[in-house]
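Take a look at the structure set out below.
Every number in this text was worked out from the coordinates using simple rules, so none of it is lab data. Computed from a prediction, not measured in an experiment: that's the story for all the values here. Neighbour counts are summed over all protein chains in view; Cβ atoms, including those assigned to glycine, are modelled from backbone coordinates with ideal geometry.
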Amino acid sequence: MITKVFLEHPRSVEETYLEHARFASGFSLRLLAAGFAAMVHAVIPCMFEKTASRMVAEIYARTHNRGK
């Protein structure tokens, strides 16, 4: 059970548990930053005009082929 819960997915993307935790934590921080930029842009349209979409595209480029 421990292996399935904590190790199966990290192994599927060729990472240890700690490597995966670090990657996922960084991923979540970048998503939060993109969300913040989008929220500011919603209120003040001249700010962060392309920031959130650029960040999401960069995140996608880093993650879409992992584990294949």
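Could you grab me the full set of residues in the stretch 1-55 that are in contact with a helix residue (DSSP H, G or I) (Cβ under 6 Å, 6 or more places away or on another chain) and in contact (Cβ under 8 Å) with a residue 12 or more places away in the chain? Correct list: Arg30, Ala34, Ala37, Ala38, Thr51, Ala52, Met55. Scanning the stretch 33-48 finds no residues that are β-branched (Val, Ile, Thr), closer than 30 Å to Thr3 by Cα and in a helix (DSSP H, G or I).
Among residues belonging to the stretch 1-31 that are in a helix (DSSP H, G or I) and of a type in the set (D, E, K, R), point out the one that is surrounded by the fewest Cβ atoms within 10 Å (Cβ to Cβ). Of everything passing the filter in the stretch 1-31, Lys4 is surrounded by the fewest Cβ atoms within 10 Å (Cβ to Cβ).
Taking the stretch 4-56 as the range and being within 23 Å of Arg66 (Cα to Cα) and β-branched (Val, Ile, Thr) as the test, the residues that pass are Val5, Val13, Thr16, Val56.
Could you please find all residues in the stretch 49-68 being among the polar types (S, T, N, Q) and assigned to a loop (DSSP other than H, G, I, E, B)? Result: Asn65, single match. Residues in the stretch 8-50 that are more than 19 Å from the chain's Cα centre (by Cα) and of a type in the set (A, V, I, L, M): Val40, Ala42, Val43, Ile44, Met47.
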